[in-house]
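Just below is one structure, and these are the notes that go with it.
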Amino acid sequence: MQQIAINERELAKRWGISPKTLQRWRSEGRGPRYLKLSKCVTYPLDEIFLFEERALHEATWERGSDVAVTSNERLYSAREMAAATSLPLYLFTHPSMRKALEIPCIRVGKLVRFKLDEVTAWAKRTHAEMTGFGVQDTSDQIENRKTLLHAIGNLIA
């Protein structure tokens, strides 16, 4: 019988990486497509070959062609963007928060970068949507606690 899929440990060994890396990739939506039946995760061989083919480059300059930065606009790291906008750092560092809030970002290889004008436009749009849905700003000035709506509102003001 011909093998059509391999398990997580076999793939990790094949690529010389940790099974934890494959688990992290799955949670981030990276890596090859996989099959999960109950608790068992397997990777179909054709998906592995397809992923390897897409990762194959003839020269290092080809990797940069995946990212199109058309202007000389400055790209900010998560820490720099949090400092520039006074928004909480976790909004920019946690992939699930970026995805849930639809914060615009650019992937440069493994790095995540942000454009100030895109984040400002996102803040205006998000503030309008939140106030349109009747979300109230419940910041507590006495305890110096601010809500996300308050922080976004300060950014666009």
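Scanning segment 102-118 for residues that are loosely packed, with under 13 Cβ neighbours inside 10 Å and either in a helix (DSSP H, G or I) or charged (D, E, K, R) (or both) yields Glu102, Arg107, Lys110, Asp117. Counting only residues that are surrounded by 13 or more Cβ atoms within 10 Å (Cβ to Cβ), under 18 Å from the mean Cα position of the chain (by Cα), modelled with pLDDT of 85 or more and not polar (S, T, N, Q), segment 57-87 holds 6 of them. Take Arg26 and decide whether it is over 17 Å from Ala123 (Cα atoms), in a helix (DSSP H, G or I) and modelled with pLDDT of 85 or more. Against the criterion (over 17 Å from Ala123 (Cα atoms), in a helix (DSSP H, G or I) and modelled with pLDDT of 85 or more), Arg26 qualifies.
The values are calculated or read from the model by the stated rules, or taken from the named source; none is laboratory data. From a predicted model like this one, the values you see are computed outputs, not experimental measurements. For neighbour counting, all protein chains shown are included, and Cβ atoms are generated from backbone atoms with ideal geometry for every residue, glycine included.
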